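Written below as structure tokens is the structure these notes are about.
Read the figures in this text as sums done on the coordinates, not as results from a lab. Model, not experiment: these values are computed from the prediction. Ideal geometry is used to build each Cβ from the backbone, glycine not excepted, and the neighbour counts take in all protein chains shown.
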Amino acid sequence: MQTNELYFTRAKNSIPGGVNSPVRAFGSVGGTPRFMVSATGPYITDAEGREYVDLVCSWGPAILGHAHPQVIEAVQAAAARGLSFGASTPAETELAELVRERVSVTADAAGGSAGAPIEKLRLVSTGTEATMTAIRLARGFTGRELLVKFAGHYHGHSDALLAEAGSGLATLSMPGSAGVTAATAAQTLVLPYNDLDAVHAVFAEHGPRIAAVIVEAASANMGVVPPERGFNRALSAIAREHGALLILDEVLTGFRVGPAGWWGLEAAGVVPDGADWAPDLIAFGKVIGGGMPLAGLGGRADVMDFLAPLGPVYQAGTLSGNPVAVAAGIATLRLAEPAVYARLDAVADTLSAAVSSALAAEGVEHSVQRAGNLFSFVFSPEAPRDYAAVKTQQSFRYPPFFHAMLSAGVSLPPSVFESWFVSAAHDEVAILRILDALPAAARAAAAA
Ligand code: PMP
């Protein structure tokens, strides 16, 4: 039988590090990455035939669980009609309308005061492209150069956004990336998250040169660190006051934490002090493509119309709006009804409480981090509000915890700097398997 070990050895010969995205290499938890061959519902199966309850969910897209029959059916039907046309399709407009409807329905429910942030949507293939386009667009629209981002936030791997980013860079302790020129790096100003004084200060100093502030709607790439009350709303006001744009990155949160993403939760008042504001641009990814390579950038019509062919900001893609990916996205969004979100919230409640009590029973200091149905754990007694605080945790406790769970058949994100992801397919049987695995994993964390 081909083992994970053998597949990894073979992969390292022809793929850098044996992986096509760094965090998959198990760099910070050690051991051999699992090579996956199939997934269905809450389960994923590796090349050795071992099945795991999956709490990675493809890093977000799989909110319905893996291989939902209706999504697969939609994908198969689309594939049978042709894989890529390089021309417009009716389904792209359908998806754009669906996104517009969903995002403004929540605003209307809240009284309509927050407006409808998605007036137009351009489809791309990855979250990286969505945020990269957002920045170019913001620069083109404002005629300004500087960009403000927050330490520990990950917005994909375009040059301008790699400074002090979360996700794989946090896992590998990399402050940035080789290959990004000093000139590019100098145009990105990095601030501590949740620190409005720092935002005011940077605008006081550089205001007329700042094109945009980009922020994860709720940060989840340094583990989960939610925005403090009113933070996003204040960012929007400060940016507006100075003629800069606010780019809300909902690649991870969009259509996952609620029907209209994190902004929808704020607009509907689910998040206190969040109502009555709207970002200028929103980047989507992950769930919008239901597991296929699809992402999008949406926002104010006057800004979006600055994109070619109407405007002077160029952006394009051979596979943009790919018909098979769009079919997966439409099917996923149509199935993602309120009951799905209620289930995701309930699963997140159960699991976060269970992990916390297992750790507490072993005397492991930790804090539960939560943003909607996204959650993670930091090994420190106090909830961090920014990246500097996240980094002070006892992260050495995570690898043994992770491996104990993996041996018991539960696949967690292979880094303490990532969120856990649940799906509506995580039923009582899957949850019980996770709960059964927790005491031994907590003991392993305590013994580290
Ligand atoms: N923004 C956020 C908030 C993300 O979490 C990610 C990916 N994890 C991205 C952007 C980049 O998306 P992609 O990996 O599809 O390029």
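One table, with the values for the structure above:
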| quantity | calculated |
| --- | --- |
| Euclidean distance of C-alpha centroids, the range 298-325 and the range 383-448, integer Å | 39 Å |
| Derived scalar couplings ³J(HN,Hα) [the range 14-31; Karplus, 6.51 cos²θ - 1.76 cosθ + 1.60; whole Hz; x for Gly, Pro] | 10, 10, x, x, x, 9, 9, 7, x, 5, 5, 7, 6, x, 8, 9, x, x |
| Residue-averaged 222 nm ellipticity for the chain, from DSSP H runs of 4+ at -39500 (n - 2.57), nearest 500 | -12000 deg cm²/dmol |
| Net lengthening on full extension, ASP195/GLU48 (0.36 nm per residue, minus Cα-Cα) | 48.2 nm |
| With eigenvalues of the C-alpha gyration tensor scaled by 5 and rooted, the chain, Å | 33, 26, 22 |
| C-alpha center-to-center spacing [the range 148-166, the range 9-36] in angstrom | 23 Å |
| Pairwise FRET efficiency - ALA183 versus GLU337, Cβ, R0 = 35 Å, nearest 0.05 | 0.15 |
| Gaussian network model of the chain, springs between alpha carbon atoms under 10 Å - residue of ILE247, ILE238, ILE288 with greatest fluctuation | ILE238 |
| Spin-label model distance (nm) - LEU172 vs ALA79, 7 Å beyond Cα toward Cβ | 3.1 nm |
| J(HN,Hα) series, the range 217-231, from Karplus relation 6.51 cos²θ - 1.76 cosθ + 1.60, nearest Hz, glycine and proline x | 4, 9, 6, 9, 10, 10, x, 8, 9, x, x, 6, 3, x, 5 |
| Per residue, the convex hull volume that the Cα atoms of the range 73-335 enclose (Å³) | 124 Å³ |
| Sites THR93 and ALA204 - FRET efficiency at Förster radius 60 Å, r taken between beta-carbons, to 0.05 | 0.85 |
| Dimensionless Rg over Rh [the range 361-402; C-alpha; Kirkwood] | 0.96 |
